[in-house]
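The block underneath contains the structure these notes are about, expressed in structure tokens.
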Amino acid sequence: MKQKRKFLIAIMSLLLCLLFIIPAMASETNDNSDANDVAVLQEMLDQIQQRALNPIDKQKLIDGALKGMIDALGDEHSIYFDVEQRKIFDTHIKGAFGWVGVLITKRPGGITVLKVLEETPAETANFQKGDIIYAIDGQELKVASAAEATQFIRGEIGTSVVLSVLHPDGSKEDITVIRDKFEIASVHFEVLEDNIGYVRIDSFSENTKKNFYKALADLKEKDCQGIVLDLRDNSGGLLNSGLDVASALTPEGKILTVQGRDGKVINAYQSLVPTIIDVPLVVLINENTASASEIVTGAVKDYGTGTIVGKTSYGKATMQQIIPLSNGGEMKLTIARYLTPNDYLIQDKGITPDVIVEDTRGKENKIAYELNETLFYGSRGEAVQFLQQYLNELGFNAGKADGIFGQGTMQAVKKMQQAYWHTVNGEVDQAVMNELLKHLPGHEPQDAQLDKAIEIVKEKITAKPAA
């Protein structure tokens, strides 16, 4: 019995020793592994500095290694900022800033100009719809989203920024523009045919909630019987602003889940108010509808409070966190993903519309009906080419439609102005273009997606039971 007791005590002692020794050994192994990894990095750094044919500054090598770790994640939204990039990024986020006046989006070709806003610095510069911004102040623009590019374009009011752009005609230009302060109206609304309200949100900013609610109130006062909400080409913005809009369009309940690593729920956002829209709703989306816009779309689709029309959205629905580093740099790291109320993962898949409709707002429509520049002698590009085609169709003989505003085009414009316009100066702005288009049969702007949205709203109004 005594021997058995001694044996048990020995076994228990051994187990207790193992309980403490094994974790210590594992920790030591991990520490050794980490130390070995660091040693290899140091070895490579030393070899490069000693033997490389074209050695570079040590800090650049370290920054390259840090950037390489982020790149290895395969996540375009996770980014490393070196010290200088961090200073620029932080200044733009925290300080008073001005803007240049372009709406941009992220496309496969790069950061692309969607629209040049009126009465802004960009309007007086040579920005064009479709321009690709590939560098800022001489530094290549490598960003994961339009929102991030915006941070670099913004800056202190009165300062200049040089944007290197690739124009739609293939030419390149460095455009210097002075930043200024102005409020960008993110919400636009009007009453369409048959008393249907139309609301377009270009981006989600601090004032979007206030302006969106005002738009809905005004349309209700005008007794609109249905609403079309246009989120096409809206690349997102502030999360809270998107949640505010989603809350207005859905009943009380969950509107967004934030899911972290291993599926852990970090947060679940709730709509605490009932929907404030009591008329038929259609939401328009396209391949440029992203981020906060997709959160709104997903909530409407899951709750069935509206019909989604258009093309599958972009598929950007992740959360990034800015993490300061001890070297003075910082990294923006993806830490979570967004899920719709029905736990659908938007990221990389986008939201498929209930009714798929091709976008017929072709290049010609966009250029002719949203001309963001004045065309004159010496102008070049697709807008000039379409102008020449129109002039020739009306018999004003602008010559070959080659996109070059030469002497022949100017004479044709003057003849057209003598026939249709009150001023003859050989120049074409949006007002002159509009007058020209009035005389061209079959050149009304086509928008099959909006037409379908209006059709669906009408059907819902007709099917709605009388109060």
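Rule-based calculations on the coordinates, nothing more; no lab input. Source: prediction; values computed, not measured. Here Cβ is always computed from backbone atoms with ideal geometry, including for glycine, and neighbour counts include all displayed protein chains.
Relative to the compact-globule scaling 2.2 N^0.38 Å, provide the ratio for the alpha-carbon radius of gyration of the chain.
1.28
Report, to the nearest 10°, how far helix 83-94 tilts away from the longest principal axis of the Cα atoms in the chain, using its own Cα long axis and a range of 0 to 90°.
For 83-94 against the chain, the angle is about 60 degrees.
Return the FRET efficiency for the residue pair GLN85, SER171: r is the Cβ-Cβ distance, R0 is 22 Å, and the value is rounded to the nearest 0.05.
FRET efficiency, GLN85 to SER171: 0.15.
What range in the chain is the longest one free of trypsin sites (Lys or Arg not before Pro) that are in a loop by DSSP and have at most 15 other Cβ atoms within 10 angstrom?
1-141
Between ASN240 and HIS422, what length in nm is gained on full extension when 0.36 nm per residue of separation is reduced by their alpha carbon distance?
60.6 nm
Which one of GLY68, PRO121, GLY350 is farthest out on the positive end of the charge dipole of the chain, using unit charges on Cβ (Lys, Arg +1; Asp, Glu -1) and the Cα centre as origin?
Selected residue: GLY68.
For segment 96-178, what is the charge dipole size about the Cα centre, in debye to the nearest 20, if Lys and Arg each add +1 at the Cβ and Asp and Glu each add -1 at the Cβ?
Roughly 320 debye for segment 96-178.
Collect residues whose amide H, placed 1.01 Å from N in the peptide plane, falls under 5 Å from the amide H of GLY226; neighbours closer than 5 in sequence don't count.
Amide H neighbours of GLY226, under 5 Å, 5+ apart: GLY197.
Work out how much length THR360 to ASN434 would gain on full extension: take 0.36 nm times their residue separation and subtract the Cα-Cα distance, in nm to one decimal.
24.7 nm
Using +1 at the C-beta of Lys and Arg and -1 at the C-beta of Asp and Glu, which of GLY304, LEU284, SER326 has the Cα lying farthest in the positive direction of the dipole of the chain?
Value computed over the given set: SER326.
Considering the dipole of segment 187-356 built from charges on the beta carbon (Lys and Arg +1, Asp and Glu -1) around the Cα centre, which of PRO251, ASN211, LEU238 is farthest to its positive end?
My answer, from the dipole projection, is LEU238.
Based on Cβ point charges of +1 for Lys and Arg and -1 for Asp and Glu, what charge dipole magnitude is obtained for the chain about its Cα centre, in debye rounded to the nearest 20?
1620
Compute the relative contact order of the chain as a whole-number percentage, counting only Cα pairs closer than 8 Å that sit 6 or more residues apart in sequence.
11
Calculated from DSSP H runs of 4 or more alone, at -39500 (n - 2.57) each and per residue, what is the 222 nm mean residue ellipticity of the chain, nearest 500?
-12500 deg cm²/dmol
Taking amide H positions as placed 1.01 Å from N in the peptide plane, with prolines and chain starts having none, which residues 5 or more places from ASP82, or on another chain, fall under 5 Å of its amide H?
Those qualifying (amide H under 5 Å, at least 5 residues apart or on another chain) number zero.
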